[in-house]
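Q: Quick one: the structure is below, questions incoming.
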Amino acid sequence: MAVVPQLRDPRLEEALVYTLHNDPNQVVRLKAMTALEQQTFDSTVKDALLITLKNDPAVQLRLKALEALSSQAVEADAIWQAIRSSDQEGNPAVVQYAAEHVKGL
C-alpha cells in the first residue's frame, strides 16, 4: 500500500473523517483510517478514532482504532469511555486488547 504523504489540507482530513464514519464498505473505511493515521495526530484525528472505536460495527476497525489511540498515548479515560458507551461494549476482543495495551484501564 502506498504511503500517503502528510498533508495539512483540512478538506482532505474532513473527507477522510467523513468516509471513515459514513462509507458502508468496511474496506473503504479501513483505507480512510489508514490514511488518517498517516496524518499528524491532532484532535481531529483523535476524535475520529474515538468515534470509530465507539460506533463502527466492524470489530477489525474498532481494534485498529484502539491500537492507534493507544500508540499515541491517548488518555485511558477517553478510550474507556468510548468502549463503555459503545453498543458493542461487551465485545471480548476489544475489551481484551484494551486491557492488555492501554495503560490505566
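Q: What is the residue count in the range 78-93 for residues that are within 11 Å of Ile51 (Cα to Cα) and either at pLDDT below 85 or not in a helix (DSSP H, G or I) (or both)?
A: Counting residues in the range 78-93 that are within 11 Å of Ile51 (Cα to Cα) and either at pLDDT below 85 or not in a helix (DSSP H, G or I) (or both) gives 2.
Q: The conditions are (1) surrounded by 12 or more Cβ atoms within 10 Å (Cβ to Cβ); (2) in a loop (DSSP other than H, G, I, E, B); (3) at pLDDT below 85, and Tyr97 fails exactly one of them. Which is it?
A: (2)
Q: Every residue in the range 5-17 that is assigned to a helix (DSSP H, G or I) and surrounded by fewer than 18 Cβ atoms within 10 Å (Cβ to Cβ), please.
A: Applying the first criterion (assigned to a helix (DSSP H, G or I)) to the range 5-17 yields 10-17.
Within the range 5-17, Pro10, Arg11, Leu12, Glu14, Ala15 qualify.
Q: Can you report the number of residues in the range 39-60 which are of a type in the set (Asp, Glu) and part of a loop (DSSP other than H, G, I, E, B)?
A: Going through the range 39-60 one residue at a time, the tally reaches 2.
Q: Checking the conditions here, which among Gln60, Gln72, Gln96, Gln81 is over 13 Å from the mean Cα position of the chain (by Cα) and within 25 Å of Glu13 (Cβ to Cβ)?
A: One residue alone meets the criteria, Gln81.
Q: So which of Leu20, Leu36, Leu63 is surrounded by fewer than 20 Cβ atoms within 10 Å (Cβ to Cβ) and in a helix (DSSP H, G or I)? It would help to see each step written out before you state the result.
A: Working: Leu20 fails: surrounded by fewer than 20 Cβ atoms within 10 Å (Cβ to Cβ); Leu36 fails: surrounded by fewer than 20 Cβ atoms within 10 Å (Cβ to Cβ).
Result of the check over Leu20, Leu36, Leu63: Leu63.
The values are calculated or read from the model by the stated rules, or taken from the named source; none is laboratory data. Values in this document were obtained by computation on a predicted structure and should not be read as measured data. Neighbour counts run over all protein chains shown; Cβ positions are idealised from the backbone, glycine included.
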